[in-house]
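The values are calculated or read from the model by the stated rules, or taken from the named source; none is laboratory data. Quick caveat, the model's predicted, so the values are computed rather than measured. Reconstructed Cβ throughout: ideal geometry from the backbone, glycine too, with neighbour counts over all protein chains shown. We work out accessible area using only protein heavy atoms, side chains counted, and drop any ligands, DNA or RNA first. Shrake-Rupley method; radii C 1.70, N 1.55, O 1.52, S 1.80 Å.
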Amino acid sequence: MNVPALAIYTPGGEPLARLELARRLLAETRSVDEVRSIHDLAEAARLYARQARLGLDAQNDAAEIKLRAERRLGELLGTLPKQDGGDAARARSQPATEVPPRLHALGISKSQSSRCQAIAAVPEPVFEQYVEDVREQGRHDGKTELTTAGALVVARQYRSRHTPTEAVRPLQEQLGTRDRFDVADAAALPWPDSTVDLVVTSPPYGVGVDYMGGDVPDYAAWLAALKSWLAELYRVAQRTSGRLCLNVPLDRDRGGWQPVSADAIQVARAVGWQFRTWLLWDKLQAGAGTDRGSIDSAAAPNVTAPVESVLVFYRGAWQRSGPRAMPHQAWLDVCGPRGLWRFPGITDPDSPAPFPEELPERCITVFSFPDDVVADPFAGRGTTAAVAARLGRIAWTSDRDPTCVAAARAWVAREHSRPI
């Protein structure tokens, strides 16, 4: 992405014609330099809108991009390791987890860093409401501007109620919960922003499974639903280090051949998730798809792989800090060049689409620490929640079917009652 080449305004032409493009690019930025470029261009567009007397709304269009760039910059700066050293040139072009850059090497002052991180710490609903309220007031009175100073006032008000030392655990204690079980749609979860460390889930596939309320009707509708689900999971994932293990089919032939896993990656990245790796789960069974197509002929053969995918994504930075708690044998068996997992699937007459305990067990063991919040918004039988509890994690799960939520709650209770 060549952000510096982005012409947010053209003095002799269309001053703010590309602000919408800037907004979209901002969501895709992965480096401090890219965000700073958008920030500087948005500020130039704001000044031009004022000098050219284009009106307050046009001025606030640019100011909003600038403010969102500051928020994004704060998010990125918050993920940088707090270390000295590192080559400045490499720091500007490599991920922060590889080279911990100094602020001055990034062209950022300590005060600017502090301001941006304060704005980034404002919960998303509060921030969005602030932007909407200021813009609406500006349209009403013709003079209220969207500014960094105003956003910092909101940030200070928020910090007065929630001190910076509060982490995820105190927030859960304020909510009066550790494990939690909610009857909810995966596109509208009742979970707070930036609270989940790891999501392990397998959403409906849109293949006519008899779920309560029905399955997604077709592939186009499934992709739209998947986008809503993954955007909501991105919201609740830890801002600096959230992770997602998404179990989906490799492909499908219902209603025409479709590259399910490849499309799922594109959807996830479009809503903000960063891709980490693609694991294959060999279920050791051909399943129902035994149609080989044209007999003894290349006319129209069907070639299918009896595997599913576990797609791994993250928000913020991939590297995390935590106790060395992974069993050494699990590290040997699963990490490194061990991305092909072989264990059988299961069936359950009481559950339309169960997966075996070994799937979440591997994901939770490898991708989370003890006492992390592990979530699944498609509870089903409650497998992910139960395994999370068994492994010493905090289990959050939801489903739109109250029966599934009750089953998950009961299974987690059994896991907690096991003798240590």
- prompt: Quick one: if you stick a label point 7 Å off each Cα along the C-beta vector at residue 28 and residue 296, how many nm between them?
  reply: 5.2
- prompt: What does a probe at residue 43 reach in the range 108-152, counting residues whose amide N is under 11 Å from the point 7 Å along Cα→Cβ?
  reply: 108-109, 112
- line: Heads up, the range 215-350 by the C-alpha gyration tensor (a ≥ b ≥ c square roots of eigenvalues; a/c under 1.5 rounded, else a/b over b/c prolate, else oblate) looks oblate
- request: Go through 384-393, 41-50 and give me the packing order, highest mean Cβ count within 10 Å leading.
  value: 384-393, 41-50
Where N is the number of residues in the range 215-273, Cα Rg divided by 2.2 N^0.38 Å: 1.18
- prompt: Cα gyration tensor of the range 282-341, axes a ≥ b ≥ c as square roots of the eigenvalues: rounded (a/c below 1.5), prolate (a/b > b/c) or oblate?
  reply: prolate
Radius ratio Rg over Rh of the range 340-390, counting only Cα atoms, Kirkwood formula for Rh: 0.97
- prompt: For the range 27-82 and the range 346-420, what is the separation of their Cα centres, given in Å?
  reply: 42
With all protein chains modelled, accessible area of residue 328 [1.4 Å, Å²]: 120
message: I'd like the chymotrypsin sites (Phe, Trp or Tyr not before Pro) in the range 233-289 restricted to DSSP loop residues with at most 16 other Cβ atoms within 10 Å, sorted by number.
response: 257
query: Using a simple spin-label model with points 7 Å from Cα along the Cα→Cβ vector, what separation in nm is obtained for residue 303 and residue 406?
result: 4.9
task: Name the shape class, rounded, prolate or oblate, that the alpha-carbon gyration tensor gives for the range 244-306, where a ≥ b ≥ c are the square roots of its eigenvalues, rounded holds for a/c under 1.5, and otherwise prolate holds if a/b is larger than b/c and oblate otherwise.
output: prolate
